[in-house]
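Below is one structure; the comments refer to it alone.
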Amino acid sequence: MSQLTVGFIGLGIMGRGMARNLRAAGFPLYVYNRTASRMTELADSGAVATTSPADLATRCDVVITCVSDTPDVEAVIDGPTGVIAGMRAGTLVIDMSTISPQATVALAARINAKGGSMLDAPVSGGSEGAAKGTLSIMVGGSDVDFARALPVFQAMGKNIVHVGAQGAGQTVKLVNQILVVGNALAMSEALLFAQAGGVDVTKALAAVSGGAAGSWMLSNRGPQILNRDWRPGFTIDLQQKDLRLVLDAADDVGVPLPGTALIFQLYRTLQHAGLGHEGNHALVKALEQLARIEINSNPS
Ligand code: NAP
C-alpha cells in the first residue's frame, strides 16, 4: 500500500464516509471542513484537522475535494486560502464533487501551471456507497495520475473507471445524473399508479424490485417513499444543481433532453414549496400534488 499522505476537504454527507474509509485503509489523513465542528469525529479516529485548504495542502501528496457546487470547488482550490496557495510541485488534486466540466478544465490548467496535477473523479452510489466504500468513481485525467491515485480510489469505491482526459469524469457524471432522475421519475409514477390502482404498494414494490424494472433507486429509495421518510441521501437542491449542469452541457452540444428538462421543472415546484433540503426521492410529492392522492403503505 502506498504511503501517500492524503488530505480531504469537505466532510458533508458524502465526504465524511469517504474520509472515514481512507483512514480505515491506513492512509495518513488530514481533513478540512468549513464548519470546523464537523472535523471532530474524523480527528477522533486519527485524522489531523487543519485550519484552511492551503494549510492542508502544505502537508499532503494528494488533496481531495468533495464540496457542493462549482463556485465552492473554485473557492477551496483557487481562493485566497485555497489549495493552490499551499500546494507544492507534484501535488495531485482530485476533485470528487459534481461540477461543471468546463470549469474543471480551467481549474486543472491553473493547478498544472503551478506544477501540480488534477483528476476529476465524481462519484455515484449515494451516502450508502460513501459509507460502505462501494462508490462508482468516474475519472478524468492522465494515465500517470490515474495510476498514482488508484490505491486512494480503491479505499472509497468499487467500480473505478478511467473515462478520459481532464473534464471527462464530470461529463460522465452528468450522463449518470440523467439516468438517476429518469429512474426517480419512473419510480414515482409507478408507485403512484400502484396506489391509485388499489393494490398494496409494499407488495407491489417487493414484486417488481428484483425483475427487469429493478434499479438502485427503486431498491434504496422506494422503501423510503413508502415510509414517507424524506431524509436526504442526496438533496433536491444538489440534484437541481446537477440538472442545471446537465441542461447547460446539453445546450452546448445541441442535444435535446426533454425528459430531463421536465424533471428539472418538477423539482423546481418542490423547491418553491420549501422542500429543497429533502431527498431527491421526494420527487414523488410533485406527482402526488398533480394527482391529488398520496402514497400510503398502511391502508386501513
Ligand atoms: P453536503 O452534505 O451538502 O456537504 C457539502 C460539503 O461542502 C460540506 O462539507 C460543506 O461545508 C462544504 N462546502 C460547501 N460549500 C463550501 C465552500 N464554499 N467552502 C468550503 N466548504 C464548502 O453535500 P454532499 O451530499 O456531501 O455532496 C458533496 C458533493 O458530492 C456535491 O458536489 C454532490 O453533488 C456530490 N455527490 C453527492 C451525492 C449524494 O448522494 N449526496 C452523490 C454523488 C455525488 P459545511 O459543512 O461548512 O457546510
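Taking the convex hull of the alpha carbon positions in the range 113-262 and averaging its projected area over all directions gives 11.2 nm².
Counting only DSSP beta bridges with both residues in the chain, what percent are antiparallel, rounded to the nearest 5? If we restrict to bridges inside the chain, about 15 percent are antiparallel.
With the convex hull drawn over the C-alpha atoms of the range 208-251, the volume per residue is 89 Å³. Computed from label points 7 Å out along Cα-Cβ, the spacing between Ala212 and Arg244 is 3.9 nm.
In straight-distance terms, cross-link reach from Lys158 covers every one of the aspartates and glutamates whose alpha-carbon lies under 15 Å from its own, apart from those fewer than eight places away in the same chain; here that gives Glu128.
Using a 7 Å offset from Cα along Cα-Cβ at Gln289, what residues in the range 236-277 end up with backbone N under 16 Å from the label point? Within reach of a label on Gln289: 236-237, 240, 262-277. With contributions of -39500 (n - 2.57) from each DSSP H run of at least four residues, the per-residue ellipticity at 222 nm computed over the chain stands at -16000 deg cm²/dmol. If a/c stays under 1.5 just call it rounded; otherwise compare a/b with b/c (prolate if a/b is bigger, oblate if not). Do that for the range 11-156, with a ≥ b ≥ c from the square roots of the Cα gyration tensor eigenvalues. Rounded, because the longest to shortest axis ratio a/c is under 1.5. Once divided by 2.2 N^0.38 Å, the Cα radius of gyration of the chain becomes 1.05.
Centre-to-centre separation between the Cα atoms of the range 1-32 and those of the range 214-292: 30 Å.
Each value in this text was obtained by applying a stated rule to the coordinates, not by laboratory testing. Keep in mind it's a predicted model, so treat the numbers as computed, not measured. Every residue, glycine as well, gets a Cβ built from its backbone with ideal geometry; the counts of neighbours run over all protein chains shown.
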